[in-house]
Amino acid sequence: MYNDYYGLAFNPFDKQQIKEKDCFISHDFKEMTSRLEYLKDTRGIGLFTAGPGMGKSYCLRCFAKSLNPNLNHMEYLCLSTVSVSDFYKELCSILGVSDRGGKTGMFKSIQEQIYYLYHEKRQPLLLAIDEAQYLSQGIFNDIKMLMNYGYDSINCFTLILCGEPHLNSLLRKPVNEALRQRITVHYNYEGLTDEESAQYLLHKIENAGGSKTIIEESALSAVIGQGHGNPRILDNIMNSALMLGAQTEKKVIDTEVILAATDSQQLG
């Protein structure tokens, strides 16, 4: 309803409508992408941390979309609390190898397939594990061993660990020192600046065919103040604002609509 009311081809603040080609290039996005590009060429481990809703998974999605499938084999895992055995079974599944023979058999099959992709097929694996703060200590231990090829002289694949800032604390534990030393690049999201937040919101409106005049400048400032540089919060507020604005027949979204939209986002 509100798409037509505001002259929008689609809801610009619905994450399902976001196309990779229309992504907003923030400072965080640039920094993570440049590090991913470096990892793609050098292989090793990359660590990327951010609070919920900051956009790290979206950046990862855009990066994956940009890869040439003839030159790279990208796989994505989003795991919660799983056992080491379940972790191996999931890796076997995405790599298309047998999960028989227990942990030892799966480990061997996984390493052989990774080496095959690197050495024979010339399509090195890029394995992204999202929400990595939920991985068990046992999985962290085995990740270190999976990276060991040719007496630890070859990086056969790229491992991308993404998670919330708590992941940094986990990897700083003495038990994870050997794994932490293998991390080639590390980036922690800073969040959108106020200027970027304004550009982000207007970029989305214009991508959906709308005019930036559908929101007053003071209302835009109000969204930014409530969004704290978090893209998901900004999207949620604006999504509610469009709905409330159309319901109250306001052709231009003002501060009053934004305050009502912000209130509607609060959990009672």
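Points worth noting:
- Segment 46-185 - percent of accessible surface contributed by carbon and sulfur, probe 1.4 Å: 51 percent
- Three-way shape call for segment 115-203 based on the alpha-carbon gyration tensor, with the a/c threshold at 1.5: oblate
- In plain terms, the chain from GLN266 to ASP14 could stretch by 88.9 nm, reckoned as 0.36 nm per residue minus the Cα-Cα distance.
- Added length on full extension, which subtracts the Cα-Cα distance from 0.36 nm per residue, ASP41 to GLN247: 69.0 nm
- Cα shape, segment 59-140, gyration tensor, a/c 1.5 rule: oblate
- Surface exposure of segment 97-151, expressed per residue as accessible area with a 1.4 Å probe, stands at 50 Å².
- Each of TYR200, ALA219, TYR38 was scored by the projection of its Cα onto the charge dipole of the chain, and the greatest displacement toward the positive side belongs to TYR38; charges sit on the C-beta of Lys, Arg, Asp and Glu.
- Once the Cα atoms are used to define both axes, helix 56-66 deviates from the longest principal axis of the chain by about 70 degrees.
- The chain: relative contact order as a whole-number percent, Cα under 8 Å and 6+ apart: 27 percent
- The C-alpha atoms of the chain define a longest principal axis, and helix 27-42 lies at about 20 degrees to it.
- Segment 114-161-segment 182-236 distance, computed between alpha-carbon centres (Å): 34 Å
- For LYS30, the lysines whose Cα falls under 21 Å of its own Cα, not counting residues fewer than eight places away in the same chain, are LYS15, LYS19, LYS21, LYS40, LYS56, LYS65, LYS204.
- Between LEU71 and ARG232, full extension at 0.36 nm per residue minus the direct alpha carbon distance yields a gain of 54.7 nm.
The values are calculated or read from the model by the stated rules, or taken from the named source; none is laboratory data. The model shown is predicted, which means the values in this text are computed figures rather than measured ones. Because the Cβ atoms are built from the backbone with ideal geometry, glycine has one as well, and the counts that use them run over all protein chains shown. Keep in mind that these areas ignore ligands, DNA and RNA; they rest on the heavy atoms of the full protein, side chains included. Shrake-Rupley method; radii C 1.70, N 1.55, O 1.52, S 1.80 Å.
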